[in-house]
Amino acid sequence: MLLPILAFDTSAAHCAAALLLPAPSDSDRVINRLEPMEKGQAERLIPLLEELLAEGGIGWSDLKAIAVGTGPGNFTGVRISVAAARGLALGLGIPAVGVTRLEALAYGLPRPVVVAEDAKRGQVYVQMFTAEGPGPAHLADRVVPACAATGSAAGENALPSAMPLVEAIARIGAERVLTPQPRPAPFYLRGADAAPPSDPPPVILP
């Protein structure tokens, strides 16, 4: 496991971050922060990350990797985190790993498990995770899990998460960073609600 790793997520009405640090006896320790907020994540994210690094007693140059929540979730919130992760990784010369919300919710739970998250508008984000790996994520009108389930749309018998969402993002990122990863990108299962602008969009370099 490549540590320290800094993870963050703004895919919902929060600004969340976790710092995973090496600890004695070949273990690790984690510092978590979760600040509920409907807006203002773009202004709060970097100061929050700096506070976390200060609490952990390290600086930006000590980081080995970045992990970021890629959604599904709030369209603007997802883009804030992904853009920040890609910019920090480029500036620091370290890898960045994208982790979906559905993967993070399933992390640490026994398999098989279904993740069912409220997608609003009467729909649900659904993904099955088995011992063999994850199935495809998709939108559904409803879900009736045939096995254990977790998530905000999993019903009254839903399994609780094994750990805070952003800590799971950090731990998944720390595992994946040991192999080559694509650059983080928003994980959308539904198009944006906003109408596209009439002006042509800017060209984004690869």
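Worth a mention:
- Restricting the first member to the stretch 49-65 and to residues that are over 15 Å from Leu90 (Cα atoms), and the second to residues that are β-branched (Val, Ile, Thr), the beta-carbon pairs closer than 8 Å and six or more apart or on different chains are Leu52/Ile31; Glu55/Ile31; Gly56/Ile31.
- For Gly108: the one exception among (1) modelled with pLDDT of 95 or more; (2) buried (at least 18 other Cβ atoms within 10 Å of the Cβ); (3) not in a strand (DSSP E or B): (2)
- Of the numbered criteria (1) assigned to a strand (DSSP E or B); (2) open to solvent by 50 Å² or more (accessible area, probe 1.4 Å), the one Glu55 fails is (1).
- Yes/no for Thr150 being of a type in the set (S, T, N, Q) and either in contact with a strand residue (DSSP E or B) (Cβ under 7 Å, 6 or more places away or on another chain) or at pLDDT below 95 (or both): yes
- Ile94 vs. criteria open to solvent by 10 Å² or more (accessible area, probe 1.4 Å) and out of contact with any strand residue (DSSP E or B) (no Cβ under 6 Å at 6 or more places or on another chain): no
- Number of the exception - Gly73 against (1) modelled with pLDDT under 95; (2) in a helix (DSSP H, G or I): (2)
- Some residue of the stretch 83-94 being part of a loop (DSSP other than H, G, I, E, B) and more than 30 Å from Leu139 (Cα to Cα): yes
- Within the stretch 128-154, the set of residues being open to solvent by less than 60 Å² (accessible area, probe 1.4 Å), in contact (Cβ under 8 Å) with a residue 24 or more places away in the chain and in a loop (DSSP other than H, G, I, E, B) comprises Ala137, Val143, Pro145, Cys147, Ala148, Gly151, Ala153, Ala154.
- Against the conditions (1) open to solvent by 30 Å² or more (accessible area, probe 1.4 Å); (2) part of a helix (DSSP H, G or I), Val78 satisfies every one except (1).
- The set of residues in the stretch 66-79 that are among the β-branched types (Val, Ile, Thr) and in contact (Cβ under 8 Å) with a residue 60 or more places away in the chain comprises Ile66, Val68, Thr70, Val78.
- Conditions (1) of a type outside the set (Gly, Ala, Ser); (2) open to solvent by 10 Å² or more (accessible area, probe 1.4 Å); (3) in contact with a Leu (Cβ under 7 Å, 6 or more places away or on another chain): number failed by Asn32: (3)
The values are calculated or read from the model by the stated rules, or taken from the named source; none is laboratory data. Remember, predicted model here, so these are calculated numbers, not experimental data. For neighbour counting, all protein chains shown are included, and Cβ atoms are generated from backbone atoms with ideal geometry for every residue, glycine included. Remember, those area values only see protein heavy atoms, side chains included, never the ligands or the DNA or RNA. Shrake-Rupley method; radii C 1.70, N 1.55, O 1.52, S 1.80 Å.
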